[in-house]
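Asks: Just passing along the structure, written as structure tokens.
The values are calculated or read from the model by the stated rules, or taken from the named source; none is laboratory data. What you are looking at is a predicted structure, and each value in this text was computed from that prediction instead of being measured. Methodologically, a virtual Cβ is constructed for each residue, glycine included, from the backbone with ideal geometry; neighbour enumeration extends over all protein chains shown.
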Amino acid sequence: MSDSVPAGQLFATTALTTRIAFLLELARRLHQYGTTAPRLEMAIASAAQRMGLAADVWSSPTAIIISFADLAQGDEGVAQSTQVMRLAPGDVNLARLCEADEIADQVIDGVLDMREGFRRLRALGRPVSRRSQAAVIASYGLSAASIVALFLHSSWVDLVTAAIIGLVIGTITVLAASRPRLATASEAISAMVATTIAIVVSAFVTPLAIKAVILASLIVLIPGMSLTTAVRELSSQHLVAGVARMGGAITSLLKLTFGTVAATQLCAAVGIHARDYALPPLPGWVDYPTLLLGAFGFAILFRAARRDWLVVMGAVMVGYLSTRWGGQISGSLPSAPFGVFLGGFVLSALANLYARYAKRPGAVIREPGIILLVPGSVGFRSMSFLLERDTALGMDTGLLLLTLLVSLVAGLMFGELLVSPRRSL
């Protein structure tokens, strides 16, 4: 959403309730489609000002509070309406985020009637089609396979098994979206299912690198993006939103870790033991076609519009390659802090350039681009070590998690300093 249009008299004759209703629906959609607290507050406050209103916005992962005052009252005006919205935590949906941004721009520019804009925003809440659900399920399998090849360097058997388990996990996740009781425990159930399948395959079909397969198959559910967003919000002094999001991410990690440990213990109780040893690793040339397929999977996972698929895929590949290059020039692993910093820096700058010249949300590049940089898997391993009472290794891995989070957020912040954002989203 552009922040450069000055306030005017375009909406002076529009009823106050109509303007407030539109802004509330816009806030609801931005929250639902994964906008962070700082960007949501900035977007709504800016849009309200251009509609002749002053808006004090407070956003958290589960609620939005907005007070509206008419700018025509002058500096002595008081809030005429305060609205509280209780919302479920949002999930990134790039296609609908871009639609909401376009609708808001058209209304603010006077191209679209505000009541029609409100109706179109409401229409964005339509149910997801079965075709889209099937595509999301497929993206889970592609994402799991890409993690095996790009980061874990396991065998062909591990790659195929992780992809199949990823499809199962994707099905559970899609089913949970319309079943509130299942959604509450979906992470733990998914972890139990993934671990059980991996152990059974390893015991009765072929040996597997168990930890690698489980980690890859659950990678989409591991809240690395939420952890990164939480640190970004804390660093921008949005303390309530950051702490709440951090708590939700840690809870998800605990659910995943519990499901993995519980399934391992259950299999051991019935006498099923995995044959856990590494087979010959994948050849090096597999990295690049797998990166391409994984980038396509992430484009679907983030629900990007078809017109944005190539942009999203390019962002994912740039993020991975810049991180890998940064790790190599620093003489350490591709997931080393400097590599993660460099990846975040490059993607943040590119996202702001894209938003400035394409007049579309920078989230199209920023959010999918950092997906391979976020250290969610490190957090999962840290929790697993702690539950296995390996305190020293768990604390060491937790420190690595903190280092990677700080490096990524610092890269994103320095990228915004290099190329200042011209849009809120």
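Asks: Of Val201, Val193, which residue is crowded, with 19+ Cβ neighbours inside 10 Å, in the same structural domain as Val220 (by TED's automatic domain parsing) and modelled with pLDDT of 95 or more? Spell out the reasoning first.
Replies: On the way: Val201 fails: modelled with pLDDT of 95 or more.
On inspection, the qualifying residue turns out to be Val193.
Asks: Tally up the residues in the stretch 107-123 that are out of contact with any helix residue (DSSP H, G or I) (no Cβ under 7 Å at 6 or more places or on another chain) and of a type outside the set (A, V, I, L, M), please.
Replies: 5
Asks: Output the residues belonging to the stretch 290-313 that are free of Cβ contacts under 8 Å to residues at least 12 places away in the same chain and crowded, with 17+ Cβ neighbours inside 10 Å. So that I can check it myself, show each step before the final result.
Replies: Start the filter on the stretch 290-313 by keeping residues that are free of Cβ contacts under 8 Å to residues at least 12 places away in the same chain, which leaves 306-307, 310.
None - no residue of the stretch 290-313 is free of Cβ contacts under 8 Å to residues at least 12 places away in the same chain and crowded, with 17+ Cβ neighbours inside 10 Å, so the list stays empty.
Asks: Suppose we filter the stretch 92-119 for residues that are free of Cβ contacts under 8 Å to residues at least 40 places away in the same chain and in contact with a strand residue (DSSP E or B) (Cβ under 7 Å, 6 or more places away or on another chain); how many remain?
Replies: 0
Asks: Taking Val157, is it of a type in the set (A, V, I, L, M), in contact with a strand residue (DSSP E or B) (Cβ under 9 Å, 6 or more places away or on another chain) and more than 28 Å from Glu99 (Cβ to Cβ)? Explain how you work it out, then say what you get.
Replies: Values: of a type in the set (A, V, I, L, M): yes; in contact with a strand residue (DSSP E or B) (Cβ under 9 Å, 6 or more places away or on another chain): yes; more than 28 Å from Glu99 (Cβ to Cβ): yes.
Against the criterion (of a type in the set (A, V, I, L, M), in contact with a strand residue (DSSP E or B) (Cβ under 9 Å, 6 or more places away or on another chain) and more than 28 Å from Glu99 (Cβ to Cβ)), Val157 qualifies.
Asks: Let me ask something additional. Looking at the stretch 222-241, can you tell me whether even one residue there is in contact (Cβ under 8 Å) with a residue 24 or more places away in the chain and touching a Cys at 6+ places or on another chain (Cβ under 7 Å)? Walk me through it before giving the result.
Replies: As a first pass, look at the stretch 222-241 and keep what is in contact (Cβ under 8 Å) with a residue 24 or more places away in the chain: 222-229, 231-233, 235-236, 238, 240-241.
Retained after the next criterion (residues that are touching a Cys at 6+ places or on another chain (Cβ under 7 Å)): none.
Checked the stretch 222-241: no residue is in contact (Cβ under 8 Å) with a residue 24 or more places away in the chain and touching a Cys at 6+ places or on another chain (Cβ under 7 Å).
Asks: Please work out if Ala304 is touching a helix residue (DSSP H, G or I) at 6+ places or on another chain (Cβ under 9 Å) and not in a loop (DSSP other than H, G, I, E, B).
Replies: Judged against the criteria, Ala304 is not a match.
Asks: Which of the strands (runs of 3 or more DSSP E) contained wholly in the stretch 8-88 include at least 3 residues that are crowded, with 19+ Cβ neighbours inside 10 Å, touching a helix residue (DSSP H, G or I) at 6+ places or on another chain (Cβ under 9 Å) and assigned by TED's automatic domain parsing to the domain that holds Arg115?
Replies: 53-60, 63-70
Asks: Additional query: Among the listed residues Ala145, Ala138, Ala163, Ala188, which satisfies the condition of being touching a residue at least 60 places away in the same chain (Cβ under 8 Å), closer than 19 Å to Val201 by Cβ and more than 17 Å from the chain's Cα centre (by Cα)?
Replies: Result of the check over Ala145, Ala138, Ala163, Ala188: Ala145.
Asks: Going by the structure shown, is Gly319 surrounded by 21 or more Cβ atoms within 10 Å (Cβ to Cβ) and either part of a helix (DSSP H, G or I) or at pLDDT 90 or above (or both)?
Replies: Working: surrounded by 21 or more Cβ atoms within 10 Å (Cβ to Cβ): yes; either part of a helix (DSSP H, G or I) or at pLDDT 90 or above (or both): yes.
It is true that Gly319 is surrounded by 21 or more Cβ atoms within 10 Å (Cβ to Cβ) and either part of a helix (DSSP H, G or I) or at pLDDT 90 or above (or both).
Asks: Farther than 18 Å from Phe341 by Cα and out of contact with any Lys or Arg (no Cβ under 7 Å at 6 or more places or on another chain), is that true of Gly369? Talk me through it step by step, then tell me what you get.
Replies: Numbers: farther than 18 Å from Phe341 by Cα: no; out of contact with any Lys or Arg (no Cβ under 7 Å at 6 or more places or on another chain): yes.
Here the answer is no, as Gly369 does not meet what is asked.
Asks: Next question, about the same structure. Can you work out which of the residues in the stretch 172-185 that are under 19 Å from the mean Cα position of the chain (by Cα) and among the polar types (S, T, N, Q) is surrounded by the most Cβ atoms within 10 Å (Cβ to Cβ)? Break it down stepwise before answering.
Replies: Taking the stretch 172-185 and keeping what is under 19 Å from the mean Cα position of the chain (by Cα), we get 172-174, 176-177, 183-184.
Keeping just the survivors that are among the polar types (S, T, N, Q) gives 173, 184.
On the way: Thr173: 21, Thr184: 12.
The selected residue is Thr173.
Asks: Going by the conditions given, is Ala95 aliphatic (A, V, I, L, M) and either touching a Ser or Thr at 6+ places or on another chain (Cβ under 9 Å) or part of a strand (DSSP E or B) (or both)?
Replies: No.
Asks: Hey, another quick one. For the stretch 90-113, name all the residues that are surrounded by 21 or more Cβ atoms within 10 Å (Cβ to Cβ) and more than 27 Å from the chain's Cα centre (by Cα).
Replies: Val107, Ile108
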